[in-house]
Amino acid sequence: TLPADMQGIFLLRLTATVDGVQYQNTYYFTTHAQYPYSDAIHQTGVILEGAAVQKSSASYMLEIRNTGTAAALHICISDQTDAFLLDLEDNFFTLLPGESRQIHVGFLKKFRFGFDENKNLTASAPVFQAVCLSGESVSLN
C-alpha cells in the first residue's frame, strides 16, 4: 500500500546476471485507475540525446541517452523515411535519468511486390528517430 500523498506512475526495475549476461525487466505501476500513463505523457524533464555510433550497409548501432531529470518511458525507434523494414534488437524501452543504451538495428529496403505502395520510396538509407511517451524525440543519424 502506498501512502496517500504518493500519486502517479512508479517503476520497478529488476536486474539479474547469469553467467555474465545481464537481464533486465521494468514493471510499471500507477495510482490512476483511468488514464494510467497520463503523468508520463505530460511530464517534463526528459532530454533525449543520441547518435549512430557505428554504421554499415545493412545495420547501425544507435546510442540513446537520457540526460534529463525524469524517466523516458517507452522509447520507440523508427525510420522517418518509411522506406525500410527495421530489425530492432530492442524497442519500447525505458531510460532513467543518466542512463544510456546501445541498440543494434538491422534494416532492409521495402520490397515492391506488384502493388505501388512502395514505388515512391527513394531513400538510400534510413533516418532514425527515437521518441518517448512524453513526446521528447531525437534524430539518431
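The values are calculated or read from the model by the stated rules, or taken from the named source; none is laboratory data. Worth saying up front: this structure is predicted, and the values here are computed from it rather than measured. Positions of Cβ are generated from backbone atoms using ideal geometry, with glycine treated the same way; all protein chains shown enter the neighbour counts. Ligands, DNA and RNA are excluded from the accessible area calculation, which covers all protein heavy atoms including side chains. Shrake-Rupley method; radii C 1.70, N 1.55, O 1.52, S 1.80 Å.
Comparing HIS32, PHE111, ALA4 along the charge dipole axis of the chain, the residue lying farthest to the positive side is PHE111, per the Cβ-charge model. Modelled spin labels at PHE29 and MET61, positioned 7 Å past Cα toward Cβ, are 3.7 nm from each other. What percent does the relative contact order of the chain come to when contacts are Cα pairs within less than 8 Å and at least six residues apart? After rounding, I find 23 percent. Rounded to the nearest whole Hz, the Karplus-based 3J(HN,Hα) values (6.51 cos²θ - 1.76 cosθ + 1.60, θ = phi - 60°) of segment 48-53 follow the sequence 9, 10, x, 6, 7, 9, with x at glycine and proline. Surface analysis of segment 5-141 yields an accessible area of 61 Å² per residue, using protein heavy atoms and a 1.4 Å probe. Given (1) 2, 9, 16, 18, 16, 14, 10, 7, 5, 2, 1, 0, 0; (2) 2, 11, 21, 26, 23, 12, 5, 1, 0, 0; (3) 2, 9, 18, 20, 17, 11, 6, 4, 4, 4, 3, 2, 1, 0, which label gives P(r) over Cα pairs in 5 Å bins from 0, in percent as computed from the coordinates? This structure yields the entry labelled (1).
A simple spin-label model places pseudo-atoms 7 Å from Cα toward Cβ; at ASP5 and LYS109 they are separated by 6.2 nm. The chymotrypsin sites (Phe, Trp or Tyr not before Pro) of segment 1-105 that DSSP puts in a loop, and whose beta carbon has at most 16 other beta carbons within 10 Å, are TYR37, PHE92.
Under the combined filter of DSSP loop state and at most 15 neighbouring Cβ atoms within 10 Å, segment 1-103 retains these GluC sites (Glu not before Pro): GLU89, GLU99.
Quick one: putting +1 on the C-beta of Lys and Arg, -1 on the C-beta of Asp and Glu, what dipole do you get for segment 11-95 around its Cα centre, in Debye to the nearest 20? Write out the running numbers ahead of the final one.
Numbers: 3 positive and 9 negative charges, 50 e Å.
My answer is approximately 240 debye.
For LEU12 and THR81, the difference between the fully extended length at 0.36 nm per residue and the C-alpha to C-alpha distance is 21.3 nm.
Once you reduce segment 61-104 and segment 1-31 to the center of their Cα atoms, the two points are 19 Å from each other.
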